[in-house]
Amino acid sequence: MDTSDIEGDLSSILLTEEQIHAKIAEVARQVEIDYAGREPLLVGVLKGAVMVMADFARELRIAAPMDWMAVSSYGSGTKSSGVVRILKDLDADLHGRDVIIVEDIIDSGLTLSWLLANLRGRGAASVEIFALLRKPEAAAVEVDVKYAGFDIPNEFVVGYGLDYAEKYRNLRAIGILAPHVYS
Ligand code: PRP
């Protein structure tokens, strides 16, 4: 859906579909250079990363298989707890593989710093991160992100995989949710 379909639910549009796709193409060109002659395994983190994974994988001009994990870091609140549970593990054996974790957003950084350590501990040859969005003001831990898309303000953002109560993931753009929706 488009922003016009949810008029009033957003206080502003942060990134248009065109801006998102241009950034993904830019990152894909860099990854093609960095991984020339190799076949990186793209690891998507459900559910938020579905859109970025679908577009990034198709944009890449090199072979890049996909695998998926589901983790839970939020509990019932809206703040990260740092406690990460694996709800669905990878199918692939990471031994000797070059892994790129594909994420929609780094908020506190707790999920990805845990995931990075976890996947590195499985004998991967390398593990890097592509995160489309990053909130520098919300960082509780520093995460070494090789491919960072956009730094964004510490606001409640939805769209392009990002949800509020499972809504808005199918919005093409990324916008700031209007406070009246969640307060
Ligand atoms: C979001 C996002 C990251 C995590 C980032 O997932 O996709 O995995 O939060 O937050 P952090 O940097 O503070 O750890 P969420 O737990 O909301 O699940 P979802 O992807 O299913 O929406």
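What the table below lists for this structure:
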read-out	value
Whether segment 1-154 is rounded, prolate or oblate, judged on the alpha carbon gyration tensor where a/c under 1.5 counts as rounded	oblate
Net charge contributed by nearby residues that have their C-beta within less than 14 Å of Val50 (K/R +1, D/E -1)	-1
Aspartates and glutamates with Cα under 18 Å of Lys88, excluding same-chain neighbours fewer than 8 positions away	Asp67, Glu103, Asp104
Segment 1-58-segment 128-183 distance, computed between alpha-carbon centres (Å)	12
Rounded to 10°, Cα long-axis angle of helix 50-59 versus longest principal axis of the chain	50
Angle between the chain longest axis and helix 110-120 axis [Cα atoms, degrees, rounded to 10]	10
Top of Leu162, Leu116, Leu42 by mean-square fluctuation, Gaussian network on the chain, Cα under 10 Å	Leu116
Gain in span if fully extended, Ala140 to Asn118, counting 0.36 nm per residue against the direct Cα distance	6.1 nm
Residue order, fewest to most surrounding Cβ atoms within 10 angstrom, among Met51, Met1	Met1, Met51
Residues of type lysines that Lys135 reaches as a straight line, Cα spacing below 16 Å, ignoring anything fewer than 8 places off in the same chain	Lys79, Lys146
The chain: relative contact order as a whole-number percent, Cα under 8 Å and 6+ apart	26
Selected from Ala131, Ala57, Ala117 as most flexible by GNM, with the chain as the system and alpha-carbon contacts under 10 Å	Ala117
Bridge type composition, segment 1-123 - antiparallel percent by DSSP, nearest 5	25
Set of aspartates and glutamates near Lys167 by C-alpha distance (under 12 Å), chain-local residues within fewer than 8 positions excluded	Asp9
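All of the numbers you see were taken from the coordinates with simple rules; none came from a lab. Fair warning: this is a prediction, and the values are worked out from it, not measured in the lab. We place every Cβ from the backbone using ideal geometry, glycine too, and count neighbours over all the protein chains shown.
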